[in-house]
1. Please give the length that would be gained between Met120 and Leu78 if that part of the chain were fully extended, namely 0.36 nm times their separation in residues minus their C-alpha to C-alpha distance (nm, one decimal).
2. Quickly work out the Phe43-to-Asn3 label distance, labels modelled 7 Å from Cα along the C-beta direction, and quote it in nm with one decimal.
3. Can you grab the distance from the C-alpha centre of the range 19-41 to the C-alpha centre of the range 95-116, Å, no decimals?
4. With the other protein chains left in place, how much accessible area per residue, in square angstrom, belongs to the range 62-195 at a 1.4 angstrom probe?
Amino acid sequence: MMNVVLECAPRERMGLFLSVGVACITLGPACGPVVSGLMVTLFGWRAIFAVPLAGGVIVAASGAVLMRNEGERRGGRLDVPSLVLLAVGLTAFVFSVGGLSENLLLGACVLVVALVLVGMFAHRQLALGRPLLDIRPMLSSRFWPACALLAVTMMTSFSMSVLLPLNFEGSFGMSALMAGLLVLPAVVGNAITGVIGGRIMGARLLTAHPGRHRLYRGRSGGHLVCGALA
């Protein structure tokens with residue numbers, strides 16, 4: 001989605017388009033507990049699979065009719081070794097993180113294997129002329145800190161969207177619907193402020209000062225809130 005925005009959106013509205021995309025990603029986990037909680041409460045747990053099924057059919061049909069190709073197709077070849085290294089490495093990493101609390105030695109060994117595989121994947125991408133994933137921007141000191149900041153932000157947002165409703169249900173005996181509704185206002189506020197920030201960023205992209213300090217101040221405020229909750 002982000003690549004499509006960068007490819008198709010005009011520069012003066014790129015910040016707005018990106019922020020709307022991020023807002024959709026944020027609202028999805030927020031609305032999920034509310035919608036699924038309502039359906040579980042009224043119809044049982046099997047009913048929650050009806051929404052993604054219907055949504056997937058509608059989106060696929062709409063995309064087939066409405067979407068058009070904006071770029072030129074370029075021939076390429078799928079690098080199977082890169083795909084295998086990435087798939088196995090990420091799977092091993094997720095397994096190691098989950099297994100550290102149960103078996104420290106096994107989890108640590110799998111974590112080392114995962115890091116080696118991911119490192120091999122990164123080395124191969126830098127060596128290929130047309131890599132599966134171009135990671136050369138990560139070598140830029142202006143790019144990788146933003147990626148790390150985005151990863152921490154997304155982990156915080158998604159984990160709170162999932163863990164807080166579970167905590168409310170388990171600790172306070174709330175229904176699935178009530179737990180989802182309790183989390184929803186904060187995430188909606190986050191999405192709204194994200195769109196506002198995207199509009200500001202879009203305006204700043206046309207100037208010599210893209211508003212880097214506003215990003216630092218906004219993220220510092222987020223860290224303060226996380227610290228207060230901790």
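The values are calculated or read from the model by the stated rules, or taken from the named source; none is laboratory data. In this text the structure is predicted, and so the values were computed from the model without any measurement. Every residue, glycine as well, gets a Cβ built from its backbone with ideal geometry; the counts of neighbours run over all protein chains shown. Ligands, DNA and RNA are stripped out before the accessible areas are found, and what is left, the full protein with its side chains, is counted by its heavy atoms. Shrake-Rupley method; radii C 1.70, N 1.55, O 1.52, S 1.80 Å.
1. Numbers: separation 42, 0.36 × 42 = 15.12 nm, distance 1.71 nm.
Stretched fully, the Met120-Leu78 segment lengthens by 13.4 nm.
2. About 3.5 nm, to one decimal.
3. If you average the Cα positions of each part, the centres end up 32 Å apart.
4. On the way: 9600 Å² over 134 residues.
Dividing the accessible area of the range 62-195 by its residue count gives 72 Å².
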